[in-house]
Every structure is written in structure tokens, then in C-alpha cells.
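Read the figures in this text as sums done on the coordinates, not as results from a lab. Predicted model only: the values in this text are computed from it and were never measured. Because the Cβ atoms are built from the backbone with ideal geometry, glycine has one as well, and the counts that use them run over all protein chains shown.
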Amino acid sequence: MTDTPAAPVRYEVRNGIAWLTIDRPEARNALSEAVRSGLFAGVRRFNDDDRAAVLVLTGAGDRAFCAGGDLKEMAETTLEVPPPDFLPVFGRNIEVAKPTIAAVNGVAYAGGFLLAQQCDLCVAAASARFAITEAKVGRGSPWAVPLPRLIPPRAAMEILLTGDPVTADRAYQLGLVNQVVPDAELPAAAQALAERIAANAPLSVRAAKRTVYLAAEHGLDQAYAEADRIWEPVYRSADAQEGPAAFRDKRRPVWTGR
């Protein structure tokens with residue numbers, strides 16, 4: 001992946017926040033092979049980038065975050081079952097320890113819904129629409145397994161069975177979206193949320209992210225035990241001493257991530 005106007009996926013860092021942008025607006029940012037490869041490369045770059053504390057994933061233009069798979073390409077390749085590494089699924093085929101935010105502009109359909117679902121947080125433009133449209137084109141959505149822990153199961157059932165779009169306001173009511181903002185304010189709102197997270201102690205932020213997902217992965221007793229294990233090195237870190245010291249000295253903390 002290269003940072004040129006012709007690249008289907010762009011990576012840039014703005015004030016400590018990585019922005020990964022699907023730049024294929026003429027095709028509603030559909031997930032062609034080049035886009036999928038670019039997304040994998042961009043996420044790996046973020047994982048290795050010490051300058052970036054949070055990732056914001058978005059799409060170019062104002063019509064689509066991502067309209068899903070490239071159906072023309074699928075027809076040409078006669079794609080049947082997508083391979084496990086078809087596109088990045090955070091927490092399944094690629095680990096992302098740092099927080100991720102979906103900034104959804106326009107439609108997030110099918111694979112675009114997947115990408116928004118797998119981010120830790122979601123900020124949506126007022127015009128955004130969300131849909132799992134696979135039932136309308138005879139495709140599958142096994143990746144929707146996490147959806148009933150994000151929103152009520154009957155709402156998830158309706159989204160999956162009908163394939164009908166959900167408005168940004170409805171997605172917010174269901175808990176799929178954290179914020180709905182006017183379209184023109186989406187980049188600034190996502191950046192502001194990311195910067196609020198990035199201002200915190202990085203070890204605490206990463207452990208907090210892991211803690212949120214424990215209940216979905218373990219029973220309660222095991223989740224508590226795993227949480228104790230995750231948080232012990234945070235308590236023992238230099239940052240855990242820096243926070244109280246900064247409060248005592250009435251200054252901003254200087255986080256080292258150690």
C-alpha cells in the first residue's frame with residue numbers, strides 16, 4: 001500500500017490518530033481485492049506505528065463508508081465460501097490491541113457493516129445507513145455472530161432476515177452507534193473522540209478494551225480471573241505511579257506506556 005491518490009486505501013496520522021480511508025468512492029468503496037489487501041496492510045501498519053494510539057476507519061466521499069463486497073468481482077471469480085483472510089476481521093483474523101473507531105459516512109452495507117461492527121466504537125453521520133444485505137443477493141453473513149451481543153437479539157434477527165437498511169438514529173437507539181453527528185461534522189467528531197482516548201494511559205486503555213470483550217468469551221468467574229491477569233501489569237506499571245503523582249503535583253501526566 002502506498003500513500004498516493006491512486007491507492008485504494010490511504011493511511012495517514014493526524015495528531016496521534018491513524019486514519020485508514022477506503023478511497024474508491026466511484027464504486028461506493030466496495031471491497032475489491034485491492035481494497036481488502038490495502039485494509040490488511042493499513043491495519044498492520046497501525047499496529048506497528050508508535051505514533052498512532054487510535055485507528056479511525058472511514059470511506060472517501062459522502063455516499064458510502066463501504067457498500068460491501070465487489071459483486072462484479074465476485075461474479076467474475078465465482079466466489080463461493082470466502083477464505084478466512086478475505087478481509088480483516090478485527091479480533092478474528094487480525095489482532096488490534098489499540099482502540100478502533102468506525103467513522104461511518106453514507107451506507108455501511110454487508111462487508112461495510114462487518115467493518116463497522118468489528119470496530120470498538122462507531123460514530124455515524126446523520127445520513128448513514130446500516131444493513132446486512134446478504135439475504136437479498138443470496139450470500140452469507142457468518143461474521144454477524146457478534147451482533148446479538150452488541151444489540152438486542154430480536155433487532156439483530158430483523159436486520160439479518162430482512163436485509164433492510166437501518167438509519168443512523170435507529171442504530172444509535174439500538175446501541176450499534178455511539179454518536180450521530182451532522183454529516184459535515186463527522187471527521188471532527190471522530191478525531192475528537194479518538195484524541196480523548198489517546199490522552200489516557202495507553203496500558204490502561206488497551207486493558208480496558210480487552211476487559212469489555214471478556215464477558216462474550218468466558219463465563220463470569222473465568223472472566224473475572226482473566227481480568228485480574230490482564231490488569232495486574234497495568235497496576236505494576238510506571239504509568240500507574242505517574243497518574244497519582246501528576247494529580248498530586250497538579251500537572252498533566254506524561255504517559256510512557258511502561
Mean shadow area of region 3-137, taken as a quarter of the surface of its Cα convex hull (nm²): 8.0
Values of log10 I(q)/I(0), in the order q = 0.21, 0.33 Å⁻¹, for region 17-65 under a Debye, Cα-only, solvent-free model: -0.71, -1.19
Given charges at Cβ of Lys, Arg, Asp, Glu: the chain dipole, positive-most of Val107, Ile132, Ile17: Ile17
Selection from Ala208, Trp231, His218, by position along the positive dipole direction of region 202-249 (Cβ): Ala208
Spatial separation of Cα centroids for region 98-115 and region 153-206, in angstrom: 9
Cross-link partners of Lys72 among lysines (Cα-Cα below 16 Å; sequence separation of 8 or more within a chain): Lys136
Length added when fully stretched, Glu26-Leu174, from 0.36 nm per residue minus Cα-Cα: 50.2 nm
Virtual spin-label span in nm between Arg154 and Asp228, 7 Å along Cα→Cβ: 3.9
Magnitude of the charge dipole, the chain, Cβ model with Lys/Arg +1 and Asp/Glu -1, debye to 20: 580
GNM top mover of Pro187, Pro25, Pro83 - the chain, alpha-carbon springs below 10 Å: Pro83
Among Leu150, Val81, Ala60 the positive-end extreme of the charge dipole of region 9-198 (Cβ point charges): Leu150
Label assignment, semi-axes √(5λ) of the Cα gyration tensor in Å derived from the structure, set (i) 30, 23, 15; (ii) 34, 30, 17; (iii) 32, 21, 18: (iii)
